[in-house]
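Novice: One structure, pasted below without further comment.
A short reminder: the numbers here are calculations on the coordinates, not readings from a lab. Everything numeric here is computed off the predicted structure, so don't read it as measured data. Note: ideal-geometry Cβ built from the backbone for every residue, glycine included; neighbour counts use all protein chains shown.
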Amino acid sequence: MALKVLVGCKRVIDYAVKIRIKPDKLGVVTEGVKHSMNPFDEIAVEEAMRMKERKLVNEIIVVSCGPAQAMETIRTALAMGADRGIHVEIPVDKMDTFQPLHVSKVLAKLAEKEKVDIVMLGKLAIDDDSNQTAQMTASLLDWPQGVFASKIDKTDAGLEIIREVDGGLETIRTTLPAVLSADLRLNEPRYATLPNIMKAKKKKVEKMTPADLGVDMAPRIQIVSVEDPPVREAGQTVADVDDLVAKLKEKGFSSA
């Protein structure tokens, strides 16, 4: 039986952009800054496409939560081959308090509404590094989860997932429906071709708000301060091992 997949795609500041802290230290500057799809979400879209090419999936729905510009992210995923999109509109002034729990609630509601078999996400977003959304979505749905996936195979009973853990690789089996998150080594995303970019403009994108899904937008976390990491001190060159040991003692790192 072919499956239906819901893929989450977040619009983030492009990985090549130098991040600047706002003067009030409550976030980062996003105005006038290049954005793109979260790289791990690109991997999730690519994996859904590969499953479709293997005739395991018959429909791919992509969803992005954000302001009007999030439509660009959805169109990118549609150009990669997704079938249709959903734009959950979040006003720009609410984005700083739109948190992973809110995203998880939106995804859970959409998964139930669309009757999908798999919710596929990137393992984390490169802007906030939360690594929470997939896990909380699985909990809200009471579905099994396969996070940090580096290989996904369909079995008669569900899915077999090889996932990356601190000690190496772990193989798990889950039933369906399930929530998955993509790790870096799962695949290498394709580039959208010009014909597919043109086709993406005609694909259906449904618009809605969190309120339409019954999702409470009240923030659960308060940001106290956002700061740049401390500047690293310049390294020092030592002549030999004795010089190294002497400098370590001088800094209080060695008592030998």
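Novice: Aspartates and glutamates near residue 249 by alpha-carbon distance under 19 Å, same-chain residues fewer than 8 away left out - which ones?
Specialist: Answer for residue 249, where 19 Å is the Cα cut-off: 233, 240, listed by chain and number.
Novice: Suppose we keep just the DSSP beta bridges with both residues in the stretch 69-216; what percent of those would be antiparallel, to 5? Kindly include the intermediate steps, with their values, before the conclusion.
Specialist: Working: 12 of 24 bridges.
Counting only bridges with both partners in the stretch 69-216, antiparallel ones make up about 50 percent.
Novice: Between beta-carbons, use under 9 Å as the cut-off and find the net charge around residue 160, counting Lys and Arg +1, Asp and Glu -1.
Specialist: On the way: positive: 151, 154, 173; negative: 153.
That sum, taken over residues with Cβ under 9 Å, equals +2.
Novice: Taking the highest mean first, how do the peptides 9-17, 25-33, 52-60 order by number of other beta carbon atoms within 10 angstrom per residue?
Specialist: Values: 9-17: 17.8, 25-33: 12.3, 52-60: 16.2.
Peptide ranking by packing, descending: 9-17, 52-60, 25-33.
Novice: Right, something else. Compute the Rg/Rh shape ratio of the stretch 65-188: radius of gyration over Kirkwood radius, all on alpha-carbon atoms. Don't skip to the answer; put the middle values down first.
Specialist: On the way: Rg = 15.0 Å, Rh = 15.5 Å.
For the stretch 65-188, the value is 0.97.
Novice: Only one of the values [x] 20.9, 66; [y] 21.5, 71; [z] 17.0, 50 was calculated from this structure for Rg and Dmax of the Cα atoms in Å; name its label.
Specialist: [y]
Novice: Here's a follow-up. Rounded to the nearest 5, what is the percent of antiparallel bridges among the DSSP beta bridges in the chain?
Specialist: Details: 16 of 43 bridges.
Bridges in the chain are about 35 percent antiparallel.
Novice: Further question on the same structure: Label the stretch 70-120 by shape, choosing from rounded, prolate and oblate, from the square roots a ≥ b ≥ c of the eigenvalues of the Cα gyration tensor; if a/c is under 1.5 it is rounded, and otherwise prolate applies when a/b is larger than b/c, oblate when it is not.
Specialist: Values: a/c = 2.46, a/b = 1.18, b/c = 2.08.
Since a/c reaches 1.5 but b/c is at least a/b, the shape of the stretch 70-120 is classed as oblate.
Novice: Here's something else I'd like to know. Out of all DSSP beta bridges in the stretch 1-121, what portion is antiparallel? Express it as a percent rounded to 5. Let's see the in-between values first.
Specialist: Details: 4 of 19 bridges.
Counting DSSP beta bridges with both partners in the stretch 1-121, the antiparallel share is about 20 percent.
Novice: Treat each spin label as a single point 7 Å out from the Cα along the C-beta direction, and report the residue 204 to residue 238 distance in nm.
Specialist: Spacing of the two 7 Å Cα→Cβ label points: 6.7 nm.
Novice: Quick one: check the C-alpha center-to-center distance for the stretch 183-254 versus the stretch 113-182, whole angstrom.
Specialist: Cα centres, the stretch 183-254 to the stretch 113-182: 20 Å.
Novice: Work out the FRET efficiency for residue 15 and residue 246 from their Cβ-Cβ distance, taking R0 = 41 Å, and round it to the nearest 0.05. All intermediate terms of the calculation are to be shown ahead of the outcome.
Specialist: Values: r = 41 Å, r/R0 = 1.01.
After rounding, the FRET efficiency stands at 0.50.
Novice: Pick out, in residue order, every one of the GluC sites (Glu not before Pro) in the stretch 227-256 that is DSSP loop and has at most 10 other C-beta atoms within 10 Å; say none if there are none. Don't jump to the answer; show the numbers that get you there.
Specialist: On the way: sites: 227, 233, 250; in loops: 227, 233.
Of the GluC sites (Glu not before Pro), the ones in loops of the stretch 227-256 whose Cβ has at most 10 other Cβ atoms within 10 Å are 227, 233.
Novice: Next up: Among the listed pairs 10/207; 105/201; 113/201; 10/52, which are separated by more than 19 Å between their Cα atoms?
Specialist: Values: 10/207 16 Å; 105/201 28 Å; 113/201 24 Å; 10/52 22 Å.
Over 19 Å apart, Cα to Cα: 105/201; 113/201; 10/52.
Novice: Something else now. Assuming 0.36 nm per residue, please report the length gained on full extension of the stretch residue 54 to residue 227 beyond their Cα-Cα distance.
Specialist: On the way: separation 173, 0.36 × 173 = 62.28 nm, distance 4.59 nm.
Value of the extension gain: 57.7 nm.
Novice: Restricted to Cα positions, what overall size does the stretch 145-256 have along the principal axes? Three whole-Å values, descending.
Specialist: If we take the Cα atoms of the stretch 145-256, the spans are 68, 41, 38 Å.
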